[in-house]
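The values are calculated or read from the model by the stated rules, or taken from the named source; none is laboratory data. If you're wondering where the values come from, they're calculated on a predicted model, not measured in any experiment. Cβ coordinates were reconstructed from backbone atoms using ideal geometry, including for glycine residues, and neighbour counts include every protein chain displayed. To get the accessible areas, we keep the full protein, side chains included, count just its heavy atoms, and leave off ligands, DNA and RNA. Shrake-Rupley method; radii C 1.70, N 1.55, O 1.52, S 1.80 Å.
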Amino acid sequence: KGQIIPQDLTFSYLKNELSKEKYRKGFLLDGYPKDDECRKFIIKTLQELQFDATAALYFDVSRISVTERLCGRLFCEKCEHNFHKIFFPPKEEGICDN
């Protein structure tokens, strides 16, 4: 339906997921935290799980550029390979060349 997932559900999922061993060597949260409440949650959670946050990146990107990047994404349902209409197109349009 395109509805926003409630914060408490997101927080619960993230805390459970980040407690898994596979994240001990590192991970990347793309587009998160999205507001101050999320920022406070992730800092607290990382401390509780005894993670050392080594970096946080902020990209100042125009809305037009973000829209172009998001709307240009392509995905092969058979092999799950990612392409992009502009930045990484398949050799032949509409055909996965992976």
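Among the residues of segment 55-68, those that are modelled with pLDDT of 90 or more and open to solvent by 100 Å² or more (accessible area, probe 1.4 Å) comprise Arg63, Ile64.
Among the residues making up segment 11-43, a single one is surrounded by 11 or more Cβ atoms within 10 Å (Cβ to Cβ), among the polar types (S, T, N, Q) and without any contact (Cβ under 8 Å) to a residue 24 or more places away in the chain: Ser12.
Being of a type outside the set (Gly, Ala, Ser), assigned to a loop (DSSP other than H, G, I, E, B) and either at pLDDT 90 or above or open to solvent by less than 80 Å² (accessible area, probe 1.4 Å) (or both) is the requirement here; does Gln50 meet it? Yes.
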